[in-house]
Amino acid sequence: MAETAANRPIFDEMRGTDGKIRPAFAGVDQWLSNMPDGEHGRMQLQADLLYERMGITFGAYGSANGHERSIPFDLIPRVLGKTEWDKLEAGLRQRVRALNAFMHDAYHRRDICRAGKIPEAQIVRNDQFLSVMQDFDLPGSIYAHICGVDLVRVSEGQFYVLEDNCRVPSGVSYMLENREVMMRLVPSLFTQNRIQPVAQYAEELLNTLKATAFPAASSDPCVVLLTPGPYNSAYFEHAFLADEMGVELVRGTDLFVDDHKVYMRTPRGPKQVDVIYRRVDDVFLDPLAFRPDSMLGIPGIIGAYRAGNISLANACGTGIADDKATYCYVPEMIRFYLGEEPILQNVPTYRCSEAQDLLYVKENLKDLVVKEVHGSGGAGMLVGPTSTKAEIETFREKLLANPANFIAQPTLSLSTCPTFVEEGIAPRHVDLRPFVLSGDRIAIMPGGLTRVALRKGSLVVNSSQGGGTKDTWVLADH
Amino acid sequence: MASRLILDITHRTRYRFDGPTTAVQYLRLSPGECNGQKVHAWAVEAPGDLFPWRDGHRNLVHSLYLHEPLTEIELVARGRVETVDQAGVLGEDGAGALPPEYWLREGPLTGLGTGEAGLQMRAFNRDVTRHRPAQRLDFLHHLLRAIVDRMPYQPGVTVAGTTAAEALVKGAGVCQDHAHVFIAIARANGIPARYVSGYLLSGPVSGPQDVGHAWAEAYVPGLGWVGFDPSNGICPTASYVRVAIGTDYSDGCPVRGMRGGGGGETLAVNVSVSPLERRPNNPYTATQQ
């Protein structure tokens with residue numbers, strides 16, 4: 001059973017539960033205690049200016065003033081010691097290996113269903129299950145080449161996986177830019193602390209993408225990054241990553257399919273493309289296979305894909321593995337495919353599709369977090385403990401109208417990290433999204449994106465809901 | 001009824017455009033082998049190279065890329081297929097195929113619908129399930145008859161993108177609409193169902209027909225997949241040739257494409273199915289298309 005907000009004190013990343021500075025944070029503590037009055041305000045201003053100059057934005061759909069804004073960046077880093085990171089990293093590797101094995105199985109024999117571990121209907125009736133992937137063999141049997149795993153911490157030794165993002169996870173550009181800004185603002189911190197670098201991400205990403213090319217591709221595969229365009233909330237990241245990797249940033253209209261192969265229009269004529277890092281959702285990829293009204297994709301690309309002439313990263317149909325209803329089965333997947341015990345724990349999850357679970361959820365809404373199975377970005381969810389009676393009642397109706405559409409979890413006491421706020425330094429809740437790259441090997445950048453809920457007491461860290469970010473350090477020692 | 005037939009089939013599809021256009025198309029024009037169906041010869045002709053692949057439903061698909069603008073695209077699929085009457089029973093799909101549960105998923109054209117159309121679909125569903133026979137097979141036959149009664153065959157009332165519910169509201173439709181309503185109601189009752197496109201030998205004298213045919217298949221435990229042709233109120237016989245399956249017309253149709261430019265378009269489809277051998281005592285089944 002999870003430790004819930006009600007029965008456990010909140011763990012602070014810097015001070016632990018006993019109030020003593022944890023070893024990993026010693027350098028940060030020293031920096032903060034030596035900081036003259038007013039200095040943090042001045043530095044925060046500088047950081048904000050840097051962000052503005054670098055053009056780091058996030059398109060928040062529905063925001064009042066224009067469609068882009070800077071993501072608030074907080075100066076105080078979140079620090080992980082080597083030992084705790086090593087365990088996390090081992091857990092992430094294990095989890096992503098199992099997720100990829102599951103996706104291959106889900107689109108082939110579905111042995112895990114035959115073994116009675118997951119109901120077959122859960123897979124094949126899922127909207128995210130794409131029949132075009134059935135019996136289709138991918139290089140290395142890898143589906144989620146880029147996986148963002150959301151973690152939260154509740155105590156010194158306990159991290160929980162909140163969610164696996166296997167479709168088109170974003171946020172890695174903030175991880176890189178946060179580091180860049182910190183190194184510019186406080187270079188001394190990097191000479192005084194042995195912080196593992198993350199700047200090699202773009203190179204690792206390019207290696208991973210090249211490794212996913214089909215055997216028919218050239219020995220130096222041509223990689224492009226496909227974006228829906230500037231109106232997408234993560235467009236900044238698409239442009240940033242293409243630039244960092246030195247590959248073309250393209251839109252659907254820049255590509256076409258001929259001879260069962262994919263070509264990019266260039267001033268020097270068509271150039272064959274081998275791998276597409278696509279940041280476009282499945283159903284928009286090919287109007288001849290999915291949504292006929294999609295203007296973002298490339299007509300005919302699914303035929304070329306199934307013919308083994310173009311690789312897509314991530315593969316199509318990966319939504320079957322990161323669905324909130326499938327999430328509960330990940331520990332089973334680890335046992336089934338790897339024969340190992342999960343290193344990272346899932347948050348205990350109630351499936352409202354099941355009568356027993358629904359009964360419990362109905363009675364305990366005020367203590368639970370209830371999420372839509374297909375929801376994302378913190379939309380369509382209920383955080384029981386911070387909701388009014390009226391909000392809970394409205395949500396109850398939604399839940400009972402379609403229980404199978406919801407899962408529920410206990411409210412976790414997410415750890416906090418000291419954060420600069422208007423009144424000074426105060427604890428704010430954080431989560432962590434490390435990025436796992438799977439190609440011919442698995443590469444994980446030490447760290448990830450730490451998101452912080454800037455409102456006091458808030459547990460919602462999503463960028464689309466006004467969360468901020470922090471630099472995340474993994475030390476080479478401790 | 002002939003229990004075995006050898007059928008010569010020619011299926012011509014001609015698109016004419018007001019101006020030159022480029023196009024990319026997926027063609028599902030090649031029948032496969034299945035229980036009661038053997039392909040002796042088959043070829044597809046197009047104004048460009050064809051690139052074969054298999055979709056997740058195991059249909060043989062050809063991709064056609066026309067990047068040089070044309071004002072006309074003519075596709076000809078022709079060949080010879082031997083069929084045996086199986087009383088509509090196709091059986092199981094075999095290992096590795098999508099399991100029956102997959103075919104409970106709604107396609108874009110086979111939901112129960114929303115608004116007024118949705119209400120009528122639900123009312124129709126209540127009507128056909130009111131005296132629902134206990135056996136699944138009996139219920140499916142009951143549904144077959146109910147659709148024929150409710151929406152007689154009538155071309156020109158619906159279009160390719162008409163949903164099951166919209167067609168039901170119109171009270172008429174073509175084979176595609178009948179199949180969609182059958183599939184939608186079957187799935188609403190927990191019975192896996194899918195769309196089949198194909199050909200039908202429709203008369204005692206061979207001759208051209210207007211268009212290809214479409215019907216439905218539903219899953220019956222013990223029997224496997226069983227075909228139902230709501231337009232004719234019968235299960236497929238040796239007169240039927242299966243070409244492709246899909247969740248509905250949207251991914252089971254013979255041609256799905258996209259073009260760039262060209263203005264208006266006219267489409268002419270011409271199918272001829274003629275029996276190479278026919279036993280003299282063959283009473284043909286009256287059909288409309």
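Where a number appears in this text, it was derived from the coordinates with a stated rule and is not lab data. Note that this is a predicted model, so its numbers are computed, not measured. Note that we place each Cβ from the backbone using ideal geometry, even for glycine, and neighbour counts take in every protein chain shown.
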Entries in A:LYS20/A:LYS82; A:LYS82/A:LYS470; A:LYS82/A:LYS210; A:LYS324/A:LYS362; A:LYS366/A:LYS398; A:LYS210/A:LYS470 that, when Cα-Cα distance is taken, lie over 23 Å: A:LYS82/A:LYS210; A:LYS210/A:LYS470
- prompt: Given A:ALA121, B:GLY171, B:ALA43, which one lies farthest toward the positive end of the charge dipole of the protein assembly as shown, if we put +1 on the Cβ of every Lys and Arg and -1 on the Cβ of every Asp and Glu?
  reply: B:GLY171
statement: extent check for the range A:90-238: Cα max minus min per principal axis, descending, whole Å, gives 57, 46, 32
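Let a ≥ b ≥ c be the square roots of the eigenvalues of the Cα gyration tensor of the range A:215-309; is it rounded (a/c under 1.5), or, if not, prolate (a/b larger than b/c) or oblate? It would help to have the intermediate numbers written out before the result.
On the way: a/c = 1.69, a/b = 1.06, b/c = 1.60.
Oblate is the answer for the range A:215-309, as a/c is 1.5 or above yet b/c matches or exceeds a/b.
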Virtual paramagnetic centre 7 Å along Cα→Cβ of A:ASP135, amide N under 17 Å, in the range B:102-121: B:102-103
message: Between A:THR253 and B:ARG130, what is the label-point separation in nm under the 7 Å Cα-to-beta-carbon projection?
response: 5.5
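Using the C-alpha gyration tensor of the range B:4-275, what are the square roots of 5 times its eigenvalues, in whole angstrom, with the largest one first? Don't skip to the answer; put the middle values down first.
On the way: eigenvalues 179, 99, 60 Å².
Those come to 30, 22, 17 Å.
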- prompt: So what is log10(I(q)/I(0)) for the range A:349-410 at q = 0.23 1/Å, when the Debye sum runs over its Cα atoms only?
  reply: -0.87
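What FRET efficiency do you get for B:ASN35 and B:HIS142 if R0 is 22 Å and r is their Cβ-Cβ distance, rounded to the nearest 0.05? Mind showing how you got there, number by number?
On the way: r = 25 Å, r/R0 = 1.12.
So the FRET efficiency works out to roughly 0.35.
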query: Which listed residue (A:HIS238, A:CYS222, A:GLY308) has the Cα farthest towards the positive end of the charge dipole for the range A:215-309, taking +1 on Lys and Arg C-beta and -1 on Asp and Glu C-beta about the Cα centre?
result: A:GLY308
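Among DSSP beta bridges whose residues both lie in the protein assembly as shown, state the antiparallel percentage, nearest 5. Each step should come with its number before you reach the end.
On the way: 122 of 141 bridges.
Antiparallel bridges: around 85 percent, rounded to the nearest 5.
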statement: Rounded to one decimal in nm, the spacing of the 7 Å Cα→Cβ label points at A:ARG265 and A:LYS362 is 5.8
message: Placing unit charges on C-beta atoms (Lys and Arg positive, Asp and Glu negative, everything else neutral), compute the dipole magnitude of the range A:392-478 about its Cα centre in debye, rounded to 20.
response: 140
task: Only helical DSSP H runs with n ≥ 4 go in: add -39500 (n - 2.57) per run for chain B, normalise by residue count and round the 222 nm mean residue ellipticity to 500 deg cm²/dmol.
output: -6000 deg cm²/dmol
query: What are the trypsin sites (Lys or Arg not before Pro) within the range A:268-364 that DSSP puts in a loop, where the Cβ has at most 16 other Cβ atoms within 10 Å?
result: A:ARG268
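Taking the Cα centre of the range A:215-309 as origin, work out the dipole magnitude from +1 charges on Lys and Arg Cβ and -1 charges on Asp and Glu Cβ, in debye rounded to 20.
Numbers: 9 positive and 13 negative charges, 41 e Å.
The calculated dipole for the range A:215-309 is roughly 200 debye.
Would you mind classifying the protein assembly as shown by shape? Square roots of the alpha carbon gyration tensor eigenvalues, ordered a ≥ b ≥ c; an a/c under 1.5 is rounded, otherwise it is prolate if a/b is larger than b/c and oblate if not. Working shown, then result.
Working: a/c = 2.46, a/b = 1.81, b/c = 1.36.
Prolate shape, in that a/c is at least 1.5 and a/b is the bigger ratio.
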task: Only helical DSSP H runs with n ≥ 4 go in: add -39500 (n - 2.57) per run for chain A, normalise by residue count and round the 222 nm mean residue ellipticity to 500 deg cm²/dmol.
output: -8500 deg cm²/dmol
query: When only DSSP loop residues count, what chymotrypsin sites (Phe, Trp or Tyr not before Pro) in the range A:73-151 have their Cβ near at most 12 other Cβ atoms within 10 Å?
result: none
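Please report the relative contact order for the range A:215-309, taking Cα pairs under 8 Å with a sequence separation of at least 6, and give it as a percent rounded to a whole number.
Values: 163 pairs, mean separation 28.0, N = 95.
Rounded, it is 30 percent for the range A:215-309.
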- prompt: Tell me, how many Å apart are the Cα centres for the range A:332-358 and for the range B:61-134?
  reply: 36
field: Length gained when the stretch A:MET54-A:ASP293 is fully extended (0.36 nm per residue, less Cα-Cα span)
entry: 82.5 nm
- prompt: Treating the beta-carbon of each Lys and Arg as +1 and of each Asp and Glu as -1, no other charges, what is the dipole magnitude of chain A about its Cα centre, to the nearest 20 debye?
  reply: 200
query: So how far apart, in nm, are the two label points at B:GLU92 and B:ASN270 if each is 7 Å from Cα heading toward Cβ?
result: 4.5
query: Which residue, chosen from A:LEU454, A:HIS429, B:PRO99, occupies the Cα position most advanced towards the positive end of the dipole of the protein assembly as shown, where the dipole is computed from +1 (Lys, Arg) and -1 (Asp, Glu) charges on Cβ about the Cα centre?
result: B:PRO99
task: Could you tell me what % of all Cα pairs in the range A:364-478 have separations over 22 Å?
output: 47
